[in-house]
Structures are given as C-alpha cells and as structure tokens.
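The values are calculated or read from the model by the stated rules, or taken from the named source; none is laboratory data. Keep in mind that what you see is a predicted model, and the values were worked out from it rather than measured. Cβ placement follows ideal geometry from the backbone for every residue including glycine, while neighbour counts extend to all protein chains displayed. To get the accessible areas, we keep the full protein, side chains included, count just its heavy atoms, and leave off ligands, DNA and RNA. Shrake-Rupley method; radii C 1.70, N 1.55, O 1.52, S 1.80 Å.
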2 protein chains.
Amino acid sequence: MPLVRAFAFDAYGTLFDVHSVIEACRAVTDDPQGFSLQWRQKQLEYTWLRALMGRYEDFWAVTEAALRFTLRRFNLAVSESVARQLMDAYLTLAPFPEVRGTLDRLKTYPLAILSNGSPNMLEAVVRANVLTGYFSHLLSVDAVKSYKPSPAVYELGPSALGLPAREICFVSANAWDAAGAKASGYTVAWCNRAGAAMDELGFTPDVEIRSLDQLPPALGI
Amino acid sequence: MPLVRAFAFDAYGTLFDVHSVIEACRAVTDDPQGFSLQWRQKQLEYTWLRALMGRYEDFWAVTEAALRFTLRRFNLAVSESVARQLMDAYLTLAPFPEVRGTLDRLKTYPLAILSNGSPNMLEAVVRANVLTGYFSHLLSVDAVKSYKPSPAVYELGPSALGLPAREICFVSANAWDAAGAKASGYTVAWCNRAGAAMDELGFTPDVEIRSLDQLPPALGI
C-alpha cells in the first residue's frame, strides 16, 4: 500500500447519514424508510443522468427534483413549507456515530471532503455538526459542473491537496464512488456499512472496512 | 407537433421485454422477478457509471457484469454454462405483444432502433423475433463508445436517417431516455407501460402512451 499523506472523504452516506431525513419524512408518509430510499436513489440517478446529458444543475436542485419525483411516486401533495422542511433536513444530516472519533484520530493529516454536494450544502452540514475545524478543504463537484464518478471530479483532490492521488486515501461508503476514485488513481477505502456486494466496474478498493473507526488500523496508522 | 417523417425506437423495455429473462432466472432462484429487477437496475447503472467514468465497455460486457453482481447479491454460485444460459436469454427477448402490429401500421416510414445494445445483441434479438425487415437501421451506442443519455448517442439518429431530430419520433419506455432524446431535439413519445411518474430532468415528452399501439393515433397518423 502506498504511503498515505492525506484523506479525502465522501460526504453523503460516508460521513453523514442521508437516511437521517427519515424523521422529517415521517411527517408526510407512513413509509418514511421507503420514501427516503426512493428519494436517495433518484437523487443519485439524476446526478449520473444530468452529468451524462451535459445538463449540470447543482446538488440542491437535483435533490429537490428527486424529492418532487418521490412525492409524485408516493401520490403525496405537500405544501411548499413542508417540502422546504424535507429539503432543510439535508443541511443538518447527522454524522455516523464514529465520525468524530475517527477524525480525531486522523487530525494530524490534511483532511478534505470531496462531494457531490453544493458548496452551500457542504458548509451547512459541516457547520451544523461542529466539524469545521477538522477539514482543510470542502471540495464540491460544483467547481467542475459535473458529478461523480467523472474523472474531472476526482482530479479536484490532488489539485487542492498538492499530492499525487495515490498518496491520498479516498474514503467512501458508495461502492461505485470507490471504483471511480480507484480509476483516478487514489488509494481507496470502501466503507461497506451495509455488507453489500462490491460493484462490478473493473476497479477494486485497496481496503474494505465496515465503519470509519476501522480505517486507521486497516492502514496501519 | 412537428411533422414526423421517421421513427427511432429504443429496444430494451420498449420493443423487447427485458423481464422475459424471468423464465431463465427461475432456474437459479426462487425470486426470479426480484433477481431480474436487480439485474436490470445494475445493468442501467453500469452504463451510466462507465460512460461517466470514460470507461466504456459494450452492453454485453456490462450486462454480464451486472449479472455477476446480482448473483453475488443473491448469494448464488452458478456454473459457467448456467450463467451463459442467463446471458443468452438477452439474445431472444420476447417483443411486447403489440410490437408487430404497430410496426405494420408504421412500415411506410423509415424505422430505426437506437439502443444501448451492442450490434451483435441487436441483430440477434431482431432476427430471433423475425423483425429484421421492418428496420432500415439498427443504431448502437457502440459507434460512439458511450451510453444513453449522452447527446453523442442521440445524434446517431438524425445522422443515419438524414432528417432533423424534430422530424424523428423517438419512442422509449424509459422516462430518462425520453428526457435525453427530448434534450437532443427529437419529437418524443414516452411509452409509460407501468403508469410511472415522469422523471424530473427538465424535459417533457411530447406524447405519453401506455402501449405502442397507441402511438399512431396519438400522432394522428
């Protein structure tokens, strides 16, 4: 394994639990978990589809579009203010329980977030969870107007951190994101929280862990 | 509505029922429908992800990769020959019941297929169903080494048919494909077989039908 000199974390699903919106969804449906899963799936699909169409809109707009789809799919009509509450839940997503402890363990390294999120969304969720001090960079795809797993996105890490990709450990809970980062030369840790099957995209992460606290021992640091 | 002078059909899900592989799946699992849905979802995801990564492999390879993922996800180990039987089901997918009648109604127009499928896959499924004579062109994304909804793919239609996109009616059962074609200027018919919600990608089809036999009357022809 190459010497790791910095870390770049995916945000949604890796540091922050997207399904912490379930509580907010409870206000509109008696299947908040199904609603949240559908919303998340469409949110991801729309990032891939818009990037491929060459029709970038930022992650806030895409998340809103995925919410509109999900409301129609669930035959729900909600007021503007309720829709706003659902969206606002994204600005205060809870971190997974082991996040702060892991960041404390790694705080002697430069730490970045490299995310689909818009700059405003990333700043808000990091600030809401009082994690600002840990990160030297909040890197958003918005800088290149595309989405993961476009190589242009992953190039933001080496460029901002001033290190070759292989010396940056990219950490994601999303298998396809781990594959995309590996294709761009990072050292990659896949945080396989759900015990899922790795995606078959021709790239294998260097390390597989089940939660972020396993990261330092997996890297021998 | 612009005057329509030709038709370009999506293949999988539109002319041919991808879930006719369910019979073949029955040989490996007691949840053949769930298996087939997972296989199809991953197949689509891998087209989007590989196109975005700039790591094109043809649709046969992507379909095989999605099958490998699905077998692992379902904790199934199968022999090479069983895997081959599952794959071969893609070469003989059944058309939806109204396909032949609709093609007969439209056969005075130039008719094309514009599909993610590899040239071999398209030729095989069209030949297996004795539909070869209806189509002037079998257009595969393989010509541009990308996947729908990349604009490069949709440009294949006007180029091959020698018509502006708005004079070609693009027909797809996949909402995101309908949106992609609309973004490229086609007249678009969305064959919403499942009564689904339209995707929120900023583009609306010109016509929505529930099965292909509704296409000629919807266009007034």
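Taking R0 as 22 Å, what's the FRET efficiency between A:Asn129 and A:Gln85 from their Cβ-Cβ distance, rounded to 0.05?
Values: r = 19 Å, r/R0 = 0.85.
Once the sixth-power term is evaluated, E becomes 0.70.
Name the residues of the range A:194-221 whose accessible area, probed at 1.4 Å, falls by at least 30 Å² once all protein chains are in place instead of their chain on its own?
Flagged in the range A:194-221: A:Ala197, A:Asp199, A:Glu200, A:Leu201, A:Phe203.
Any idea what the A:Asn120 label distances to the other copies are, label 7 Å down the Cα→Cβ vector, nm, shortest first?
5.0
Return the equivalent ellipsoid semi-axes of the range A:1-112 as a descending list in whole Å, where each equals the square root of 5 times an eigenvalue of the C-alpha gyration tensor.
Working from the Cα gyration tensor, I get semi-axes of 30, 18, 11 Å.
Using only the alpha-carbon atoms, how far is helix A:32-53 inclined from the longest principal axis of chain A? Give it as 0 to 90 degrees, nearest 10.
Taking the Cα atoms of chain A, the angle to A:32-53 is about 70 degrees.
What residues of the range B:45-63 lose no less than 10 Å² of accessible area with every protein chain in place versus their chain by itself (probe 1.4 Å, heavy atoms only)?
Residues losing area: B:Glu45, B:Tyr46, B:Trp48, B:Leu49, B:Arg50, B:Ala51, B:Leu52, B:Met53, B:Arg55.
How many angstrom lie between the Cα centre of the range B:8-75 and the Cα centre of the range A:1-19?
29
Order B:Leu44, A:Leu37 by their accessible area, 1.4 angstrom probe, all chains in place, largest first. List each step's numbers first, then the result.
Details: B:Leu44 15, A:Leu37 95 Å².
Solvent-accessible surface, decreasing: A:Leu37, B:Leu44.
Between copies, how far does the label point of A:Leu76 sit from its twins, in nm, shortest first, when each point is 7 Å from Cα along Cα→Cβ?
In ascending order, 3.3 nm.
Taking all protein chains together and a probe of 1.4 Å, list B:Glu57, B:Glu80, A:Glu98 from the most accessible to the least accessible.
B:Glu80, B:Glu57, A:Glu98
Expressed as an acute angle from 0 to 90° and rounded to the nearest 10, what is the orientation of the C-alpha long axis of helix A:119-128 relative to the principal long axis of chain A?
So the inclination is approximately 90 degrees.
Note the distances from B:Glu23 to each other copy's matching label point, with points 7 Å along the Cα-to-beta-carbon direction, in nm, sorted shortest first.
Output for B:Glu23: 5.2 nm, nearest copy listed first.
What does the accessible area per residue of the range A:33-152 come to in Å², with a 1.4 Å probe and no ligands, DNA or RNA counted? Show your work: numbers first, answer last.
On the way: 5070 Å² over 120 residues.
Per residue, the range A:33-152 has 42 Å² of solvent-accessible surface.
Which whole-number percent gives the relative contact order of chain B, counting Cα pairs below 8 Å spaced six or more residues apart?
So the answer I get is 24 percent.
Ignoring ligands and nucleic acids, what accessible area does B:Val18 show with a 1.4 Å probe (Å², nearest 10)?
Accessible area, nearest 10 Å²: 10 Å².
Once ligands and nucleic acids are excluded and a 1.4 Å probe is used, how much of B:Ile22 is accessible, expressed in Å² to the nearest 10?
About 30 Å², rounded to the nearest 10.
Please report Rg (one decimal) and Dmax (integer) in Å for the Cα set of chain A.
Rg and Dmax of chain A, Cα atoms, are 17.0, 53 Å.
Taking the DSSP beta bridges in chain A as the whole, what percent of them are antiparallel, to the nearest 5?
5
Using a 1.4 Å probe and ignoring any ligands, DNA or RNA, find the accessible area of B:His137 and quote it in Å² to the nearest 10.
60
Please list, or write none, the lysines whose alpha carbon is within less than 24 Å of the alpha carbon of B:Lys145, excluding same-chain residues fewer than 8 places away.
A:Lys145, A:Lys148, A:Lys182, B:Lys42, B:Lys182
Against the longest principal axis of chain B, how steep is helix B:59-73, in degrees 0 to 90 to the nearest 10, with axes from Cα atoms?
40
In square angstrom and rounded to 100, what buried accessible area do you get between chains A and B, total over both, with the probe at 1.4 Å?
Looking at A and B, the buried total is near 2900 Å².
Of A:Glu23, A:Glu200, which has the most accessible area and how do the rest follow, probe 1.4 Å?
A:Glu23, A:Glu200
Are there any residues in the range A:66-81 with a reduction of at least 20 Å² in accessible surface when going from the isolated chain to the assembly of protein chains? Probe 1.4 Å, please list them by number.
Residues losing area: A:Arg68, A:Phe69, A:Arg72.
Write down the radius of gyration of the protein assembly as shown and its Dmax, each obtained from C-alpha positions, in Å.
22.8, 72
In whole percent, how big is the carbon plus sulfur part of the accessible area of the protein assembly as shown, probe 1.4 Å, protein atoms only? Please list the in-between numbers first.
Working: 8660 of 17430 Å².
Using a 1.4 Å probe with all protein chains present, the protein assembly as shown comes out at 50 percent carbon and sulfur.
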